[in-house]
Amino acid sequence: MSQLQPIKGTHDLMFEDIRRHRHVEETSFEIARRYGYGEIATPVFEFTDVFKRTLGDTSDIVTKEMFTFETKGGDNITLRPEGTAGVARAFISEGLTQQTPLKFFYRGPMFRYERPQKGRQRQFHQIGVELLGVATPQADVEVIALAAHILGELKLTGAVTLEMNSLGDTESRAAYREALVSFFSARKDQLSADSQERLTRNPLRILDSKDPADKAAAAGAPLFTEYLNDASKDFFKAVQDGLAAQNIAFKVNPALVRGLDYYGHTAFEFTTDALGAQGTVLAGGRYDGLIKQMGGPPTPGIGWAAGIERLSMLLPELAAAARPIAVIPIGDEEGKVALGITATLRQAGFTVDLGYSGNMGKRMTRANKIKAAVAVILGGDEMREGVATVRNLDSGEQVKVPQADLARHLAGYK
RNA sequence: GCGGGUGUAGCUCAGUUGGUUAGAGCAUCGGUUUGUGGUACCGAGGGUCGCGGGUUCGAGUCCCGUCACUCGCCCCA
């Protein structure tokens, strides 16, 4: 079709949309900063192997959702589908492995070749955090508390619920996986086609299938909690106690699992029912095996990512932007003086609009359209007296103010 | 990748059982108002009816294809 349209699943962000995006980014980084997080910006593309090795060859992201290209030089590169792999790669390749614990905040575009839907684009944006090098539950608690704090600051506490689960350590997960496979294998014919496929690829996923047949079949399935070993149970308990100590409400959801291979122990999601099928707004978990799997020293890690588009859609109305001051000269001579006054006011920190053309009526109309709070009018009379007429555009009241006193007089409109 | 819905002006939408110059509101521009905006009144511009093909004397309307958007499945933030 026409080249004059954005690529499927991409959008131009402007006006109110980008204000909301920036609001999410800026408030979340401001909170993360208080928890000791510094920002990291990794490249938007990496060697394809970086994602293949970390996400696991069988995950859907790797098998069908990556934007992968060959460069002119013959390298195989991929637009990042998520943020953790790049941060983990940087952790190793930047030689940071001796500097743990490390806390990173990131924001930026991610790319997944998927069918677009409400709250799901091919280029979308995430904020996320990673905490590397802390193996104790205190890290899990802190990272989840940070997420809750950010959502609270965004005024979304009432709109989301926190669900969590333990995927146990490697030993527990292997035991549980085995139990699940044997349970579902015995009733394979009752499962949906998708889930029969999952049986070999990712049996845990059968548990949170939306298919009614799967839900029925999963009713009597063994519970993860029965297969957690003592170490895993203690760990999960400590995380829950830590959250309770901070009055963070959560719900244990035994069906909560992870699509990506590198997760173990704590998995959590903040979800909403306001976004249709895309209810997950922020999700994360512990990935103790990842760094080693990538070729670094064994290093525990935990983190989460949140979709900025999804958060933006949930956000309540933002406070109105600051209203500008409109400077309105009536003729060419006044125009020159207006230039100087405009510059002075902008230097002093005011938001000032100086129109580009039109008679006074036109300029007043424009002042009104951009929601200016006051108009500073400069005409022949004002020039002779060395003043400007300051008109309050809400009340219509106007007074003459010496040009030199404008900044002081307008102080309330900054 | 699979399934449903929808494509008419810049935006939101009407358009009868197929019928001759395709409409409205909002927005835009001009005027009433050559030093005063918002309100009001008057007027104007703006449409290959997503695209291609077919049926028909005649298609915005019916049929087929295609593209796009959208919702859901899968998966995920």
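Does at least one position in segment A:325-346 carry a residue that is part of a loop (DSSP other than H, G, I, E, B), away from RNA strand B (no atom under 11 Å from the Cβ) and within 28 Å of residue A:15 (Cβ to Cβ)? No: zero hits. Restricted to segment A:110-121, and to residues there that are more than 17 Å from residue A:313 (Cβ to Cβ) and outside any strand (DSSP E or B), the residue that is farthest from RNA strand B (Cβ to nearest atom) is A:113. Restricting A:286, A:346 to residues that are modelled with pLDDT of 90 or more and under 30 Å from residue A:108 (Cα atoms) narrows the list to A:286. The criterion of at least 2 residues that are within 10 Å of RNA strand B (Cβ to nearest atom) and either touching a residue at least 12 places away in the same chain (Cβ under 8 Å) or surrounded by 11 or more Cβ atoms within 10 Å (Cβ to Cβ) (or both) is met by the following strands (runs of 3 or more DSSP E) wholly inside segment A:351-414: A:374-378, A:387-392, A:398-402. Looking only at segment A:1-31, which residues are among the charged types (D, E, K, R) and surrounded by fewer than 13 Cβ atoms within 10 Å (Cβ to Cβ)? Result: A:8, A:12, A:16, A:26, A:30. When segment A:24-46 is filtered for residues that are outside any strand (DSSP E or B) and closer than 19 Å to residue A:121 by Cβ, the ones remaining, listed by number, are A:24, A:25, A:44. Looking only at residues in segment A:190-224 that are part of a helix (DSSP H, G or I) and in contact with a Gly (Cβ under 9 Å, 6 or more places away or on another chain), the one that is farthest from residue A:141 (Cα to Cα) is A:205. A search for C-beta distances below 6 Å between a residue of segment A:18-38 that is of a type in the set (Val, Ile, Thr) and any residue that is surrounded by fewer than 18 Cβ atoms within 10 Å (Cβ to Cβ), counting only pairs 6+ apart in sequence or on different chains, returns A:27/A:153; A:31/A:153.
The values are calculated or read from the model by the stated rules, or taken from the named source; none is laboratory data. Because the structure is predicted, anything quoted here is derived from the model rather than measured. Every residue, glycine among them, receives a Cβ derived from its backbone with ideal geometry; neighbour counts consider all protein chains shown.
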